[in-house]
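Everything on this sheet refers to the single structure shown next.
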Amino acid sequence: MAAFATAEACDSNAELISNGDLRALHPIFKMYGQRRCFSGPIVTLKVFEDNVLVRNQLETKGEGGVLVIDGGGSMRCALVGGNLGQLAQNNGWAGIVVNGCVRDVDEINDCDVGVRALGSNPLKSSKKGHGEKNVPVYIGGTLIRDGEWLYADSDGVLISRTELSV
């Protein structure tokens, strides 16, 4: 996927941008993981300071998908750490976008997966299993639906209603 560029996608899809089928997330995310450029169909989670559903989802086959986690923007603990980064890599996830924090940054940076998060925090999350899967989430100024496509590179993150030709 190294040939894909979000800036070029925006330039060549003005109509999709104007009708809302292609949206750019606000530039609030930091980059982690070895993949600077990644894309795939989206699976959504909505959790708050609890990463049980995150682990459960990353234990499934990712098949090149991107896990988008709405952690409510909490900066009080991490939802993804090095073990989950390794799990994502091993199970074929292309990337993870976290509206919240990660930890074990050096370990995540060793994983062949793309990760975007608001920042890092060494505190772990709770383990109660609360949250929702496959629900619309509002992150980075846009509504993101399960099954849409995410494209990320060094310029930013795009959400598309459908898969773009790259």
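The values are calculated or read from the model by the stated rules, or taken from the named source; none is laboratory data. Since this is a predicted model, take the numbers as computed values, not measurements. Using ideal geometry, Cβ is built from the backbone for each residue, glycine included, and neighbour counts are taken over all protein chains shown. For accessibility, only protein heavy atoms count, side chains too; no ligands or nucleic acids. Shrake-Rupley method; radii C 1.70, N 1.55, O 1.52, S 1.80 Å.
For the chain, which whole percent of the accessible surface, found with a 1.4 angstrom probe, sits on carbon and sulfur atoms?
48 percent
Could you tell me which of GLY129, VAL105, ILE42 has its Cα farthest along the dipole of the chain towards the positive end, charges placed at Cβ (Lys, Arg +1; Asp, Glu -1), taken about the Cα centre?
Farthest along the dipole direction, towards plus: GLY129.
Could you give the nm distance between label points at VAL135 and ASP106, where each point is 7 Å from its Cα heading toward the beta carbon?
Modelled inter-label distance: 3.8 nm.
Rounded to the nearest 0.05, what FRET efficiency do LEU143 and GLU15 give with R0 = 22 Å and r taken as the Cβ-Cβ distance? Could you check?
0.70
Can you work out the PRE-style zone for VAL52? Point 7 Å along Cα to Cβ, and I want the residues of region 64-84 with backbone N under 19 Å.
69-72, 77-81, 84
Arrange the peptides 23-31, 114-122, 156-164 so that the one whose residues have, on average, the most other Cβ atoms within 10 Å appears first.
Ranked from most to least packed, the peptides come out as 114-122, 156-164, 23-31.
Whose amide H sits under 5 Å from the amide H of VAL97, counting only residues 5 or more places off or on another chain, with H placed in the peptide plane?
Long-range HN contacts for VAL97: LEU67, VAL68, ILE69, ARG116.
Per residue, how much accessible area does region 49-166 have with a 1.4 Å probe, in Å²?
Spelled out: the 1.4 Å probe surface of region 49-166, per residue, equals 43 Å².
Ratio of Rg to Rh for region 30-109, alpha carbon only, Kirkwood?
Result for region 30-109 is an Rg/Rh of 0.91.
Residue separation times 0.36 nm, minus the C-alpha to C-alpha distance between THR60 and ASN83: what's the value?
Additional length available on full extension: 6.8 nm.
What does the convex hull of the Cα atoms come to per residue for the chain, in Å³?
Once divided by residue count, the hull of the chain is 91 Å³.
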